[in-house]
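Comments concern the structure below.
The values are calculated or read from the model by the stated rules, or taken from the named source; none is laboratory data. All values derive from a computational prediction rather than experimental measurement. All Cβ positions, glycine included, derive from the backbone under ideal geometry; neighbour counts span all protein chains shown. The protein model used for the area step is the full one, side chains on, heavy atoms only, and it has no ligands, DNA or RNA in it. Shrake-Rupley method; radii C 1.70, N 1.55, O 1.52, S 1.80 Å.
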Amino acid sequence: MTTIDGADGPPPRPACRPGRRHARRPAPGRPVEHRFAGDATVRGVAIGPAAIAVESPAPQVDPTARADDPAPELARLAEALARSLRQVERLRDRLALLPEDSQIEIGSLLDVYRRMLGPSRLLRGIRRRITQDGLTAEAAVRQETEQLAAATLGGETPSSEAEDAAQRRAGEFREIGRRLLRNLGRMPFRSFSAVPEGAVLVAEQLRPADAALIDPSRIVAVATEEGGATDHTAIMLRALGIPAVLAAHGLMARVRDGATMVVDGSAGTVVVDPAPDTLAAARLGVADHARERQALGRLRRLAARLSSGEKLQLQANLELPAELPLIAQSGAAGIGLLRTEFLFMNAQAMPDVDAQAAIYSEIVTAMAGDVTTIRVVDWGGEKHSEALDRAGLRGEGESVNPALGMRGLRLLLRHPAVLESQFAAILKASSAGPVRVMLPMVTTVPELREARDIYHRVARRLRRKGVRLDDNLPPLGIMVETPAAALMGDALAQEAEFMAIGTNDLTMYTLAVDRASAEVASLYHPLHPAVLRLIQTVTEAALRQYRPISICGEIAGDPRAVPLLVGLGLRSFSMTASAVPRVKRAVRAVSFEDCRRLAHRVMEAPDVAEVTSLVDAFAAGA
């Protein structure tokens, strides 16, 4: 067995379609090689025998089943709750055996489970269904968890990041429901204690809590038939740092215990019974990844400088506090985009100012002096949260397309109490370290001015209450996510204290493409000349007004694209934490003059194909 662990996050998806299987004709007497493509989840290559983890079937539940007397059902529920809480605590006890970063990551999720098993809206709803609707405990659990999961998912979202977050929240409800149902039926949970050392763990599906049972010193890789690179399980596996490929459809039908397997978490491939040449290539891949891992590790403490000496700022995006360990591992210089939607997704009531401030303060403190840019909640009519719905923060159905309706700042200004509470919490948290405040989906100067007036009014109110704030408040800036904002860059730059270009939404609005739609997804490309011209326009506007300008979105973390963006005048980038080391390696290999010449050639290109060709050729020659 040979392995190299990696925790650098999902690399680009493989060229072949996920789930597509390839079989090679073997030499006489040899088993057939079967190759599967899935979601590349954790970088690295591992070779080892398969260990199939089988779980007993889930209990069958009639969601309409009724009980004559609710008292026994409530007693059964209480017993299942107690068993579930004890199990979560035992999982927490196991964390001491895991790497420190993994303890933080997995512990955060177990804290979520523990809160949901306590005095939560979930349990209130289950009990209400038992006492008022006369349901059995199983039926009540099934109905309530599925209703909450469905409400969390809502409709289609224009942002893939928001959709991924909603899927993870829905998964939390379903995981707690699954645990309660198994405990109600006294059904066993799976264990990995019998998995032999050096094995590849194979499962139809791996749930987040299962990650606490994985010993990375014994299990060298994970391959599953279900799941995906953006779900909770993927986050847990990245914290553990073992190569992983999820969503390798068809795998379970071909794998058997003890079969030799090759898991390539960089390419997103799983091979069962590899042929000799495949095995030899995998061993070379192991060595290559070992060298790359060592090289990227050395970059963590090196400056993000071009070869000609100019310094860049590489920051990380943060969606959940549980991702903080990944930021620490990456060497990012702070948080360039802290999405605050996680505070509201599963909340029954609005978190008050002090509760929000406590969470922000923990994150700011963890950054140890590096700046944290906190974006106020970017909500819209296509998403649902009980807390925000009660506060009136929903799109109210005035637009058929939620991406073009009430969302972002325009929605917050219609319900200023939500905005005021976030401003107050962020201002209170600013005593913990350097903070910036960012407004989403700004399209006009008047709405920016109105938000700024609210910001200063909240600060005056806090001072009157005795809260100590610096004379200079944290900078108030904007996200540039629409062509309107980009084209009005000069006017907005005079009002905003900093600007950040959100390329994902900017690309969507510029090209009129919803990448969640299979029919037009191929037209979505952030390197489209029209998008690049808008990026150049707003960057030049910010520089003329001496305003800090940064860029986030997928291309900010693409090592091929960053030299082009440097050539367009950008010096600050915010990306997924896993992308930071590779972007740093790319920029340290090029000079500013190289980047400027590349940008000049690209901005004369008429189409995406030529832009991509120029960028790829530059990356290959760097």
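The listed peptides 274-283, 258-267, 369-378, ordered by packing as a protection proxy, come out as 258-267, 369-378, 274-283 (highest mean of other Cβ atoms within 10 Å first).
If I compute solvent accessible area with a 1.4 Å probe over the protein chains, what percent of it on segment 476-622 is carbon and sulfur? Here it works out to 54 percent.
Assuming a ≥ b ≥ c are the square roots of the Cα gyration tensor eigenvalues, decide whether segment 403-451 counts as rounded (a/c under 1.5), prolate (otherwise, with a/b larger than b/c) or oblate. Prolate is the answer for segment 403-451, as a/c is 1.5 or above and a/b outweighs b/c. Each of the peptides 304-312, 336-344, 187-195 was scored by the mean count of other Cβ atoms within 10 Å over its residues; in descending order, highest first, they stand as 336-344, 304-312, 187-195.
Averaged over residues, the count of other Cβ atoms within 10 Å places the peptides 477-485, 55-63 in the sequence 477-485, 55-63, highest first. Once the Cβ-Cβ distance of SER613 and ASP471 is raised to the sixth power relative to R0 = 41 Å, the FRET efficiency obtained is 0.20. Placing dummy labels 7 Å off each Cα toward the beta-carbon, the span from ALA303 to PHE189 is 4.9 nm.
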